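Have a look at the structure below before the remarks.
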Amino acid sequence: MDQATVIDLARKALYTALLIGGPIMLLSMLVGLIISIFQATTQIQEQSLTFIPKIAIVAIVLLIFGPWMMTVMKNFTEDLLLNIQRYIR
């Protein structure tokens, strides 16, 4: 396995991880920002106030994007296993 193959495989793995984790992280961050703005305007400084909405949005995102995420992971794994002979050399 040469250096270009390792770099290409690492690039594909990072890209796949960003595709899978991106929607969850982005929407969770957006909900956290909205709640932080709400807390700042109302001066409610309850630390546990952000947990339930974030958990709920993560569950909703997983329900909506779950099949797509599984397809992306399946395609990456299939590509990895089909080309394993090329990677081992």
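The values are calculated or read from the model by the stated rules, or taken from the named source; none is laboratory data. What you see is a predicted model, and the numbers here were worked out from it, not measured in a lab. Cβ sites come from the backbone with ideal geometry, for glycine too, and all protein chains shown count toward neighbours.
Pairs are defined by a Cβ separation below 9 Å, a sequence spacing of at least 6 or placement on different chains, a first member in the range 16-45 that is over 21 Å from Leu62 (Cα atoms), and a second member that is of a type in the set (A, V, I, L, M, F, W, C) and exposed (fewer than 12 other Cβ atoms within 10 Å of the Cβ); the pairs so defined are Phe38/Ile44. Just to be sure before I move on: is Gln43 at positive phi and of a type outside the set (Lys, Arg) in the structure I sent? Here the answer is yes, as Gln43 does meet what is asked.
Tell me yes or no: at least one residue of the range 50-63 is closer than 17 Å to Ile24 by Cβ and among the hydroxyl-bearing types (Ser, Thr, Tyr). Within the range 50-63, one or more residues are closer than 17 Å to Ile24 by Cβ and among the hydroxyl-bearing types (Ser, Thr, Tyr). Listed here are the helices (runs of 4 or more DSSP H) enclosed by the chain that have at least 1 residues being modelled with pLDDT under 90 and exposed (fewer than 10 other Cβ atoms within 10 Å of the Cβ): 3-42, 84-88. Can you confirm whether Ala13 is out of contact with any strand residue (DSSP E or B) (no Cβ under 7 Å at 6 or more places or on another chain) and without any contact (Cβ under 8 Å) to a residue 60 or more places away in the chain? No.
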